[in-house]
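Following: one structure in structure tokens, then a few remarks.
The values are calculated or read from the model by the stated rules, or taken from the named source; none is laboratory data. Quick caveat, the model's predicted, so the values are computed rather than measured. Methodologically, a virtual Cβ is constructed for each residue, glycine included, from the backbone with ideal geometry; neighbour enumeration extends over all protein chains shown.
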Amino acid sequence: MAAGVEPMNYLTRWRMSLAKDRFLHSNDAIGVFAQQIGYESESAFSTAFKRIVGCALRRYVASLKVVAQADAEDVFHAMHERWEADLSRLTKVNPAPQPMPVPAVSCDAYVDEAAHRTSVDTRG
């Protein structure tokens, strides 16, 4: 126990620490979990949680879901970058045939060139 902390205050803070960890790693219903850590009702647990943690329980749980979603997107992007790096590394080892480059010339240039060739061919 921390020095200078009353036993009930210590117990309540310890319970809230357990709650925050449980909400991060579990999908248990709040009421069920509240009873598991010694609260008789979800309401009593929610009140204590807000007093100790500083925000409403449902808001805290909702923010965890937002963070988890953001983390999932970060993991997806990291995996995608890893896949692209692996693909790049593999294609350097065994490159796929590359298509012939297309010259950056407009269609008008081809028409002009064809007309020029036709006029040269008919004169000669």
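Miscellaneous remarks
- Any chance Glu73 is among the acidic types (Asp, Glu) and over 16 Å from the mean Cα position of the chain (by Cα): no
- Helices (runs of 4 or more DSSP H) contained in the range 1-112 and holding at least 3 residues modelled with pLDDT of 85 or more: 7-25, 30-36, 42-53
- Residue check for Ala48: touching a Ser or Thr at 6+ places or on another chain (Cβ under 8 Å), free of Cβ contacts under 8 Å to residues at least 40 places away in the same chain and over 22 Å from Gln69 (Cα atoms): yes
- In summary, Met79 fulfils each of the numbered conditions (1) surrounded by 12 or more Cβ atoms within 10 Å (Cβ to Cβ); (2) more than 19 Å from Met8 (Cα to Cα) with the single exception of condition (1).
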